[in-house]
Amino acid sequence: MSKALDGINIVEFDSNMGAAYATMLLAENGARAIKIEPRGGSRDRGTPHFHVLNRSKRVLELDLDDHAAQGRVAELIRWADIVVTGFTSARLKQLNLDYESIRGISPRAIALGVPPLGSRGPDADFDANDDLVAARGGITGSQWARSGNPVALVFPAASYSAGVMAATAAVAAILARGANGAGQPVEVSLLAGAFSLHTGGILRHEKMTSLYHGPQDPLGPIPVYRLFEAADGKYLFVACGNTTFWGKFAIAIERPELVGDPRFENAPWGIAQEHWQPLKDIIEPIIRTRPRDEWLSILRESDVPCAPVMSRQEFIEHPQTRALGMRHEIEDPTIGRMIQMGLPVFLNDTPGEIVGPAPAIGDDRAALEWLAEPTRQSPLKTEVRVTEKRPPLDGVTVLDFASYIAGSYGPMILAQLGAKVIKIESLEGDSFRHFGFGFLGWNQGKRGISLNLASDEGREIIHGLADKADIVVENLRPGRMRKFGFDYESLAARNPRIIYMSVNAFGNRGPEHNQPGFDPILQARSGVMAAQGGHHGHPVYLTCAVCDYGAAMLSAFGCVLALRAREMTGRGQFCETSLLQSAMAFQAGEFAFYPGRPDMENGAAENRGRSALSRAYQCRDGEWLFISLSDESQLKALLTILPGLPNTNWDTAATEPNEGGLAESLAEQFAKLDREDALAALYRSGVPATRVNHTRELFDDPQVVANDLIAELPHSDWGRVRQTGMLTKLFATPGTIDRAAPTLGDHTDEILREYLGYSADRIATLRVAGIIK
């Protein structure tokens, strides 16, 4: 069966996890990928992350610093459609892998860069790892803890995010190349990946207020959207994400009067902060009266979203996980039998495939066979006019029926790539509009139409739009779109070229496919809450909604894959992803099970980092920095900067825990310095370190500003709003951000005129009849 990226060749130069993940995702959708590793193999070989993120590739060993290798590198670049790197700008130039060098060899090649902190700015040449990027990108600083101090996540979230976004950008560049045959530089930094995980929080406006006040609760944000301990000491998450579920929950715990209690008016999200603790004090003792499984049964019978806190191993063996094909056994030539995740996106007509395990080092023969084949590249057009610099998805129309984050953010990514996105809402609007400014972070760049979807006239409007659309995105529970006649089969019968992306909690098949679900439901089930809490503490709610954002990013990836497939087949198709799949895709390296697997579930509610030499420390001025050392030379430099530290060697220091004696000594020394002074000394000495940014500090960070990761946009009600800027950069065919999120029905008249040719009188009649807003 054909795949979306058939005919595409990729060369990836061993660098970081984001670059490796992007290449894997492309390879498992039909591209042929060769990974270039240094002689003796990548430094990451033997780690679970390496053996997951390098599936479906072939390997070739080269010493890139040896001038004699340049001929082979040039041969690889001529063979490739996409060249993937994760190096800094300086390292790219040193290796002759910068875009100008690549273009000189092959003008058709797309140079996909996944640099740590972006290719511009004062820290463009800082080779930061994922821990440092998470600190700089606001993830570490925004994770909730009772202390209010930074908390490091126990998995490389920024790298996974950048990998999915980079794969999406690469496919978009392939689509753009089809217009004239020319390649271009494309960039998605690890820092942009970090931003992509909390766009709803990266907002600034003078009238913006925080939804959450008071102490930060690592069990959950509000009293009825949080973790609870049951009678048997086991935890479950209850996710009353809207008023309907709040009412059902109150009945399920036999306290229906809570719904009418004036203290809890506007529940669940609008409860006044002074009433949060009283409501917790009511609910917590009730949940402690029964064992967890009994509560799960009661709540599910009442249709209340809930989930047990599970381990990763329990989750990968669950029947629903198996039903979606997300448990995959593979025979790794180095490690042996492994259990890994399956494919995180399904394309019904051009499905992906796990081609094989990560290749063994020294097995160059398979890669050389590909290079020896005759090239299949089409000729490059001789003239590429600057005036043809249109966004890669220019001319693509997307109907966005989605709400919440998991549904809405994917179309926003497509809008940044140039698609015309129409947000379709009921007359009541997206339920996440009550998040105020947060709504802007998931719906940027769209136009909006509001109408009565249940009316004949409303259905006529939708069918008319679908006839002219390229993509439909929806995230209703399975079967709900069919009730309106907006399911894939109905729309494809009218428009066979339509691409239909379904995003839901548990997929469209399996024993629990119809269960309601929100981000923390899958956080709880997928093991990330347990891993972040560690073996001896309570589970931890991740402030970064990794399952929601992950599903949205995967949906955008699936949409561009389907567009590429449509170029070959002329047909659209049904595509899907889910919170379940994203929960695993954004812990891809952690979902690796084999004898001798390292412990990756060793977090804590107040986790400052992985070790004494890779963690956050507070400075004299109250600000935090993050260090992450990787070799003996860096330790020697640190001992010189901080002479008060006890003398130690690398073998000993590298194994020191994050709360041991060395960590205490480092904390004492950094407490004597202001952050900027400490960072300046660390930079001069080559010790990897960065500031720990809180979300509010991102707007003025010179590295963020230099890479255009913040945009200022006009909003109909609020005026100028600062928020996330362009996260995927295609330099020859740049995307656009034209507007902030629409108000409810903001562009109804405009859309009806432009797409359906409705007259002013007809629009006025529909408005009077209550069909449109």
Among Val309, Ile361, Ile330, the residue whose Cα sits farthest towards the positive end of the charge dipole of the range 265-383, when +1 is placed on the Cβ of each Lys and Arg and -1 on the Cβ of each Asp and Glu, is Val309
For Asp746, distant residues with modelled amide H under 5 Å away:
Gly448
Extension gain (nm, one decimal) between Thr736 and Thr655, 0.36 nm per residue minus Cα-Cα
24.5 nm
When the accessible area of the range 118-226 is computed with all protein chains present and a 1.4 Å probe, what percentage of it is carbon and sulfur?
49 percent
Mind listing the phi-derived Karplus ³J(HN,Hα) values for the range 217-222, rounded to whole Hz, using 6.51, -1.76 and 1.60 with θ = phi - 60°, and x for any glycine or proline?
9, x, 8, x, x, 9
FRET efficiency for His67 and Asn647 from the Cβ-Cβ distance with R0 = 51 Å, rounded to 0.05, comes out at 0.80
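Quick one: dipole size for the range 526-620, taken about the Cα centre, charges +1 on Lys/Arg Cβ and -1 on Asp/Glu Cβ, in debye to the nearest 20. Can you show the working numbers first?
Values: 8 positive and 7 negative charges, 60 e Å.
Using Cβ point charges on Lys, Arg, Asp and Glu, the range 526-620 gives about 280 debye.
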Apply the Karplus parameterisation 6.51 cos²θ - 1.76 cosθ + 1.60, with θ equal to phi minus 60°, to every residue of the range 48-60 and state each ³J(HN,Hα) to the nearest whole Hz, in sequence, with x for glycine and proline.
x, 4, 4, 7, 9, 6, 10, 4, 6, 10, 10, 10, 9
Just order 534-543, 75-84 by mean Cβ neighbour count inside 10 Å, highest at the front, would you?
75-84, 534-543
How high is the FRET efficiency from Glu750 to Ser89, r the C-beta distance, R0 51 Å, rounded to 0.05?
0.75
Which whole-Hz ³J(HN,Hα) couplings does the range 306-311 yield from phi under the Karplus relation 6.51 cos²θ - 1.76 cosθ + 1.60, θ = phi - 60°, glycine and proline marked x?
7, 7, x, 7, 10, 8
Mind putting a number on the dipole of the range 132-246 about its Cα centre? Charges go on the C-beta only, +1 for Lys and Arg and -1 for Asp and Glu, and I need it in Debye to the nearest 20.
160 debye
Within the accessible area of the range 619-773, what % is carbon and sulfur when the probe is 1.4 Å and the other protein chains stay in place?
49 percent
Bridge type composition, the chain - antiparallel percent by DSSP, nearest 5:
50 percent
Beta carbons within 10 angstrom, averaged per residue: use that to sort the peptides 447-460, 594-607, highest first.
447-460, 594-607
What does the highest-first list of 724-734, 259-269 look like by mean Cβ count within 10 Å?
724-734, 259-269
Residue-normalised accessible area of the range 388-434, given per residue in Å² at a 1.4 Å probe
27 Å²
Solvent accessible area, Å² - Leu219, 1.4 Å probe, full protein context:
20 Å²
Distance between Cα centroids, the range 415-453 to the range 456-525: provide it in whole Å.
16 Å
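May I ask you to derive the FRET efficiency for Arg39 and Glu369 from their Cβ-Cβ distance with R0 = 22 Å, giving the value to the nearest 0.05?
Taking R0 as 22 Å, the efficiency between Arg39 and Glu369 is 0.60.
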For the range 598-633 and the range 670-698, what is the separation of their C-alpha centers, rounded to whole Å?
13 Å
Quick one: if you stick a label point 7 Å off each Cα along the C-beta vector at Arg288 and His536, how many nm between them?
2.3 nm
Tell me which lysines have Cα within less than 19 Å of Lys468's Cα, excluding those fewer than 8 residues away on the same chain?
Lys420, Lys423, Lys446
Out of Phe626, Gly441, Tyr225, whose Cα points farthest toward the positive end of the dipole of the chain (charges: +1 Lys, Arg; -1 Asp, Glu; placed on Cβ)?
Gly441
Around Gly352, which amide H atoms from residues at least 5 apart in sequence, or from another chain, sit under 5 Å from its own amide H, with H modelled in the peptide plane?
Leu347
Using a cut-off of 15 Å between alpha-carbon atoms, which aspartates and glutamates can reach Lys672, once sequence neighbours fewer than 8 places away in the same chain are excluded?
Asp621, Glu623, Glu664
Roughly how big is the chain's charge dipole about its Cα centre, with Cβ charges of +1 (Lys, Arg) and -1 (Asp, Glu), in debye to the nearest 20?
1400 debye
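The values are calculated or read from the model by the stated rules, or taken from the named source; none is laboratory data. Just so we're clear, the structure is a prediction, and the values are computed from it rather than from any experiment. Don't worry about glycine lacking a Cβ; one is built from the backbone with ideal geometry, like all the others, and counts go over all protein chains shown. Each accessible area value is taken on the protein alone, full model and side chains, heavy atoms only, with ligands, DNA and RNA left out. Shrake-Rupley method; radii C 1.70, N 1.55, O 1.52, S 1.80 Å.
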